[in-house]
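*Asks:* If you scroll down you'll find the structure; I have some questions about it.
The values are calculated or read from the model by the stated rules, or taken from the named source; none is laboratory data. Quantities reported herein were computed from a predicted structural model and do not represent experimental measurements. Virtual Cβ from ideal backbone geometry, glycine too; neighbours counted across all protein chains shown.
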């Protein structure tokens, strides 16, 4: 058997299989062919045995440290591919399966970046995956393995070569929507430590016996992978899973899954809470009782306080309480989790003067301004607010970059130059007592500490600078969304790219439109496109 170490997700998997062989580990509900859903399950013993069987097959085509790309639909086979790749000593690379007819540039870029020895998929996706592999023109070409075509019930330990695990467990690739995707190197220790940090912050020593993790998040996403696949194994929790498509088709499916599990815990980005609040009907929710929900993380994107309120109000009739909402902050470079709100307390939202925030200062307001969610400042990982120009700590009530230090922080990006790795390994100039000098992760996020709590302002790269003043796109988006009730995105347009008037159309749910036009300001210092 592969050497796994005392706290790896693999050692925990096999330990749980020995202690609770017949308990259900993962249940996946497939709605693709049956609107009522068809459930597939794996017990701890089956999961352990089939993981070993997949690993044995993988070892025939790759050696320790090689990469294994996972490219298939959401399902139990994806989980087996991920675990089997790590069990074989390879570095797992979870990716999304591109929609048929869409561009697969991202997949090709990751293939070129990782030069995988094997690509793991399913029989249903094998033809498309073969086309992606062929178009990548890799030499040597990786071997394609169809997980559901393997003999998963064979003697799993026979022929499996024992090997030490590489430092990197898996590569978490960015979305790559505006640039080439980058793979964050997550180690087994990063994963185990971040799980402990998450549990301490979210549950604060509370009893988690009988907890079920409910998730539709994609397994290739950092929050979906950690919450939906790794956390159930590390914590010994049952997982009730489905696909993102199933949720998007009927958001009520998420609510029903939460209700049917007595002690349910879940997570989703802000947009999902908005969708669930707006796109569920009382008929779909009839008879549901959400009173047993332990909590739902709102993370992976900016948390909108108005969305929290709408979600809590929408489901209050079904015994959902606002203290069950857990706004959280994190990023893939820190594995996934950094900070959250306080256990069993309603999310606290404070208002701050927008103009002062734009100038890097903090001033409370009783009404208006920017509404920001309060996060408890964690003891682990360590979080500091740092001046981006001097690398020195900011005083409380001063806006700076959020830096993170801890064993959950990844070693860096896969196959990137030192210049491209500058967000890792930073040091603080003249650190205060109790503050480590480094290494620190520069998150690229702006925030501040107020009354001992952390507040997130926005991304440094997303700032809109007009006539020398900073404007946070999240504030613009929140304001317009309150007026239009539609989805909104505020973006920066570099002056060099300005070629003429741009018409911006906001389409509300009722079909109404609000038009705005960019115009060019008179030449001179501080000139920039401005709304008219």
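*Asks:* Which members of segment 236-251 meet the condition of being crowded, with 18+ Cβ neighbours inside 10 Å, assigned to a helix (DSSP H, G or I) and more than 18 Å from the chain's Cα centre (by Cα)?
*Replies:* Of everything in segment 236-251, just one residue is crowded, with 18+ Cβ neighbours inside 10 Å, assigned to a helix (DSSP H, G or I) and more than 18 Å from the chain's Cα centre (by Cα), namely 246.
*Asks:* Identify all residues within segment 421-438 that are within 17 Å of residue 334 (Cα to Cα), in contact with a strand residue (DSSP E or B) (Cβ under 7 Å, 6 or more places away or on another chain) and in contact (Cβ under 8 Å) with a residue 12 or more places away in the chain; write none if there are none.
*Replies:* Across segment 421-438, the qualifying residues are 423, 424, 426, 427, 436, 438.
*Asks:* Could you tell me which numbered condition residue 80 fails, if it satisfies all but one of (1) under 19 Å from residue 53 (Cα atoms); (2) out of contact with any helix residue (DSSP H, G or I) (no Cβ under 7 Å at 6 or more places or on another chain)?
*Replies:* Unmet condition: (2).
*Asks:* Determine, yes or no, whether residue 88 is crowded, with 24+ Cβ neighbours inside 10 Å, more than 24 Å from the chain's Cα centre (by Cα) and within 16 Å of residue 170 (Cα to Cα).
*Replies:* Numbers: crowded, with 24+ Cβ neighbours inside 10 Å: yes; more than 24 Å from the chain's Cα centre (by Cα): yes; within 16 Å of residue 170 (Cα to Cα): yes.
Considered against the rule, which asks whether it is crowded, with 24+ Cβ neighbours inside 10 Å, more than 24 Å from the chain's Cα centre (by Cα) and within 16 Å of residue 170 (Cα to Cα), residue 88 comes out as yes.
*Asks:* On to the next question. If residue 375 satisfies all but one of (1) within 25 Å of the chain's Cα centre (by Cα); (2) under 30 Å from residue 180 (Cα atoms); (3) at pLDDT 95 or above, what's the number of the condition it fails?
*Replies:* (2)
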